[in-house]
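The values are calculated or read from the model by the stated rules, or taken from the named source; none is laboratory data. None of the values given here were measured: they were computed from a predicted structure. Here the Cβ positions follow ideal geometry from the backbone for every residue, glycine too, while neighbour counts run over all protein chains shown.
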Amino acid sequence: MPFIRVNSLSPKYIRAAATAESLRKPGMESGWAGDNMLYRLSTADGFRAPMPFLLGDESGFMTVSDLRVDGGTLRLAINRALVLQRKKFTFHLQRRQCLRFMKMSVTDIRDFVRP
C-alpha cells in the first residue's frame, strides 16, 4: 500500500499583490488586522517555515491535519463566541428567575426576600 499523507496549511489575511487592491479601501487593513490576536497582517515570509515542515520528514507521522497559520484568528473567534454564549445563558437564567417570581404569590416573595 502506498504511503500517502494529506495535510493542509490555513493562512488568514496575507499582504500580497493579490490583496493590494482590497487593502487600499478605507478601513480594510485595520479591519483585517483586528481579526487576529497579533493585530497585523501576515506576509509570505510567515509561511517559509511551516511549508517545508509539512512537506518534509519531520511531519512524517502527521496526516489529515490542518496547520493554522492565522495569527490567532480562530482562537479569537472562539473567545468571541464563548462571550456571546455566556451572555445568552445569563439572560436565559435571569428570564427564568423573573418568570419564577411572576408565578409566586406575594407571601412567597416576601419569604424569599427576607434574610
> Which of the residues that make up region 21-58 are among the acidic types (Asp, Glu), under 20 Å from the mean Cα position of the chain (by Cα) and assigned to a helix (DSSP H, G or I)?
Replying inline: Glu29
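Across region 12-29, what is the number of residues that are exposed (fewer than 11 other Cβ atoms within 10 Å of the Cβ) and farther than 12 Å from Thr43 by Cβ? Lay out the reasoning, then the answer.
Step one: filter region 12-29 for residues exposed (fewer than 11 other Cβ atoms within 10 Å of the Cβ), giving 17-18, 20-21, 24-27.
Filter once more, keeping what is farther than 12 Å from Thr43 by Cβ: 18, 20-21, 24-27.
Matching residues across region 12-29 total 7.
Just checking, which of Leu84, Leu74 is exposed (fewer than 11 other Cβ atoms within 10 Å of the Cβ) and at pLDDT below 90?
Numbers: Leu74 fails: exposed (fewer than 11 other Cβ atoms within 10 Å of the Cβ).
None of the other options fit; the residue is Leu84.
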